[in-house]
1. Would you mind telling me which numbered condition in (1) of a type in the set (Gly, Ala, Ser); (2) in contact with a Ser or Thr (Cβ under 8 Å, 6 or more places away or on another chain); (3) on the phi > 0 side of the Ramachandran plot Gly61 fails?
2. What tally of residues in region 17-35 results from selecting those that are surrounded by fewer than 15 Cβ atoms within 10 Å (Cβ to Cβ) and under 15 Å from Ile50 (Cβ atoms)?
3. Report yes if Val170 is buried (at least 16 other Cβ atoms within 10 Å of the Cβ) and not in a helix (DSSP H, G or I), otherwise no.
4. What's the number of the condition Thr74 fails, among (1) under 26 Å from the mean Cα position of the chain (by Cα); (2) over 19 Å from Ser36 (Cβ atoms)?
5. I'd like to check something: does region 194-206 contain any residue that is of a type in the set (D, E, K, R) and part of a loop (DSSP other than H, G, I, E, B)?
6. Applying the selection to region 245-261, what residues are assigned to a strand (DSSP E or B) and either among the polar types (S, T, N, Q) or at pLDDT below 95 (or both)?
7. Could you check, for region 175-192, whether at least one of its residues is under 18 Å from Thr265 (Cα atoms) and either of a type in the set (S, T, N, Q) or touching an Asp or Glu at 6+ places or on another chain (Cβ under 8 Å) (or both)?
8. Against the condition outside the structural domain of Ser254 (by TED's automatic domain parsing), of a type outside the set (Gly, Ala, Ser), in contact (Cβ under 8 Å) with a residue 40 or more places away in the chain and touching a helix residue (DSSP H, G or I) at 6+ places or on another chain (Cβ under 8 Å), how does Leu138 come out, does it pass?
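The values are calculated or read from the model by the stated rules, or taken from the named source; none is laboratory data. Predicted model, so just to flag it, every value in this text is computed and none were measured. Ideal geometry is used to build each Cβ from the backbone, glycine not excepted, and the neighbour counts take in all protein chains shown.
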Amino acid sequence: MRRDRVLIVDDQPANVRVIAEVVRDHYDVFFATTGSKAIDVAVANDVDLILLDVVLPDLDGFEVCKRLKADDRTRLIPVIFVTAREEVRDEARGFDAGGVDYITKPIQPPVVLARVRTHLELKHARDLLESLASIDGLTGIANRRRFDSCLEKEWKRCARSNAPFSLALVDVDHFKQYNDTHGHAKGDECLRSVAQALANIARRPADLAARYGGEEFGLIFPETEADGMRRLMRNLVEQMPVRVSAGAVTLFPSNHQSPSSIVATADELLYHAKANGRGHVRYADFIHGARERIDAESLERA
């Protein structure tokens, strides 16, 4: 289990060393001496808390905090200001910028350690609640709320970096008939087994397998090109514990296009799969202008 990560931001190396001595026995420590570097370090190292000086050589601490809170990757990181400024208006500015606490220099080591510990505990509690609110109670994978959030975030990220984006909607074939024949308990067991198989396919950190609704599931594969998506869809056909149909898409996202459009396209492809024999994937590669059917027979021919 990894230790919590604390980022210390101060333009005076001596101050960094003093604070590092207080927390390093309990947490992994990172440091930065400028505001812009602090933002880069926070993103790159997935830090859990930031101790931030107000006076920095490029951006002041208030501006750094505002930028951190405006970025989805860093907005949930608690920021504690550590500064020699003692005026009430500066403290108020810190809270207005999104800080959770304000410590004045010279620091008192027991106070710093206690406040860091308190805000990390609060962060972990918030993270747990956020996680529970994003999990489907039946299958244990992500729920529709998490799917929509991930779609929005990863769509924008891939659009910024001009990276390919792939998505699939998967539906269990004849699930109502399965439920009527075997009972709801067996039906729930079926959905759990499908969810686990999909989670095994969406294995990279940025990938997501989610229960989209009922017996339908969604898969998000950021930065996944056409050849990679074909392999994933072949794995899907081979590894599902029951027969499923799917619609899948690969494209380059655009800021001028709504991410809901890719879901609508995948849903249309899923409809065609179910209307034409079920048990296969209808795949559209918009990058190369190709469409194909992926099923057990095509895998045998390959």
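1. Only one criterion in (1) of a type in the set (Gly, Ala, Ser); (2) in contact with a Ser or Thr (Cβ under 8 Å, 6 or more places away or on another chain); (3) on the phi > 0 side of the Ramachandran plot is unmet by Gly61, namely (3).
2. 0
3. yes
4. Unmet condition: (2).
5. yes
6. Ser245, Thr250
7. So far as region 175-192 goes, no, none of its residues is under 18 Å from Thr265 (Cα atoms) and either of a type in the set (S, T, N, Q) or touching an Asp or Glu at 6+ places or on another chain (Cβ under 8 Å) (or both).
8. It is true that Leu138 is outside the structural domain of Ser254 (by TED's automatic domain parsing), of a type outside the set (Gly, Ala, Ser), in contact (Cβ under 8 Å) with a residue 40 or more places away in the chain and touching a helix residue (DSSP H, G or I) at 6+ places or on another chain (Cβ under 8 Å).
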